[in-house]
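Encoded as structure tokens, the structure appears first; notes follow it.
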């Protein structure tokens, strides 16, 4: 059997549905083998687009997304999505081609050590040097990709190995059981929670599993303990819940941080230090219980007093069963904080000024989208507003990146969401800077016949950095640019373009985009004038008053 045929057959055995790819010469044997496969090739316009789509597929399904590139520049273009998925805990298997390794006549042309390059951004990376180990390598790659913490595995498949003849041998797909947490750790956690006066629950990205969501909601309903989330933990519990304090979009000085400071114990479920800190620990301050699949990585701002390691769902259910509600728990201040948070987040939602405030956009989108519909974000200042202001009703309905925080992922992520959930409405919200980094994937979306909407927040600047520049007292310098005509740009790809000129016109355009087929691009002028006065000034002043 030809080695490339066996490689594809092994991927089919793993249940692979799609391979997102920009192929090169070194992938041609693989491509020929893929031609008659049940696996669908998704040809993208840049390797970053392929990688971001594979990462989002893995994030939503829990199964490794698969992407492929050629050697050299193709492989280097996968580095950013590799880091994006590795830090974000998204399972991916990346395949790259390579020149013949046994006998090549092209000297060092295009050749770099891709395996060595991939080491810092993967769980495992390997060059396949023998066609007879292809299937065992693939089985191991998929096992490692989904094993906690999920992440990236890379396989290099050289051209001459792909052409070899080999014996067919397919390995059975075997799942793995996540160990249950230690009973002594559970008992200690119960003791610490019951002894606390003001316990508070933090939910991180690692808790974003359907079964865990149910277990955490039962824990909150039973104990009455208030909770907040990290940016990537949004939606684990419906955020309309009475005990929801908010999302830590900033690391300090937001209203909910007054509640965090008042807590004497934080039960931290599913968070690790890869994500931007939702709060800072201090020596002699509040205690923290770390509940996760892995022990906490000790950091100057995160050093939990107790690790409860193992299956999160099992741990939370055990805690719910063992804990006895305490009369000494005092949630009065959390209740006050929640009232302040809710009042603050309701400001400006009816402000119809144009260009549009991000708070107003978020309010409109929340009212137009169903609980299961999905928004994907690129990276920019608007991500902070969405994390704080958008109320998630279900898990994985606001997809953002708070680990690598890479620009350029918003549109490819939305495309992958629409492929996984074809019946849901999907909206990508991108800054003009991030959108332009992978805007060529509009062609891919149109070619695939996807129905999705992209809103470009247009301020003709790198707005996030301007916000930070102002906060540091620096002059406004070096961050402005000019954009293309986004309507003509969209139309050149076969998409529809819109540029509303008022609040009402935007709402009309959004309604049309959400109820019609095809790829739609909305060029929306955005007003960021409140970024500095609210996020840098007023929050610090007001939070101190609580």
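The values are calculated or read from the model by the stated rules, or taken from the named source; none is laboratory data. The model shown is predicted, which means the values in this text are computed figures rather than measured ones. Cβ sites come from the backbone with ideal geometry, for glycine too, and all protein chains shown count toward neighbours.
For this structure, a couple of remarks:
- Any helices (runs of 4 or more DSSP H) falling wholly within segment 333-440 and containing at least 3 residues that are at negative phi and in contact with a strand residue (DSSP E or B) (Cβ under 6 Å, 6 or more places away or on another chain): 381-389, 410-420
- Hey, residue 350 more than 20 Å from residue 228 (Cα to Cα) and modelled with pLDDT of 95 or more or not: yes
- Summed over segment 274-333, the residues that are more than 17 Å from residue 192 (Cα to Cα), exposed (fewer than 14 other Cβ atoms within 10 Å of the Cβ) and in contact (Cβ under 8 Å) with a residue 60 or more places away in the chain give a count of 1.
- Out of 133, 115, sole residue that is within 22 Å of residue 31 (Cα to Cα), surrounded by fewer than 23 Cβ atoms within 10 Å (Cβ to Cβ), touching a residue at least 12 places away in the same chain (Cβ under 8 Å) and more than 24 Å from the chain's Cα centre (by Cα): 115
- Residue list for segment 281-313, filter: in a loop (DSSP other than H, G, I, E, B) and under 22 Å from the mean Cα position of the chain (by Cα): 293, 294, 295, 296, 297, 311
- Residue within segment 266-274 that is more than 23 Å from residue 235 (Cα to Cα), outside the structural domain of residue 392 (by TED's automatic domain parsing) and part of a loop (DSSP other than H, G, I, E, B) present: no
- Every residue from segment 482-525 that is under 17 Å from residue 442 (Cβ atoms) and in a loop (DSSP other than H, G, I, E, B): 483, 484, 485, 493, 494, 495, 499, 516, 517, 518
- Test: residue 104 is at pLDDT below 95, assigned by TED's automatic domain parsing to the domain that holds residue 80, crowded, with 22+ Cβ neighbours inside 10 Å and more than 18 Å from residue 47 (Cα to Cα): no
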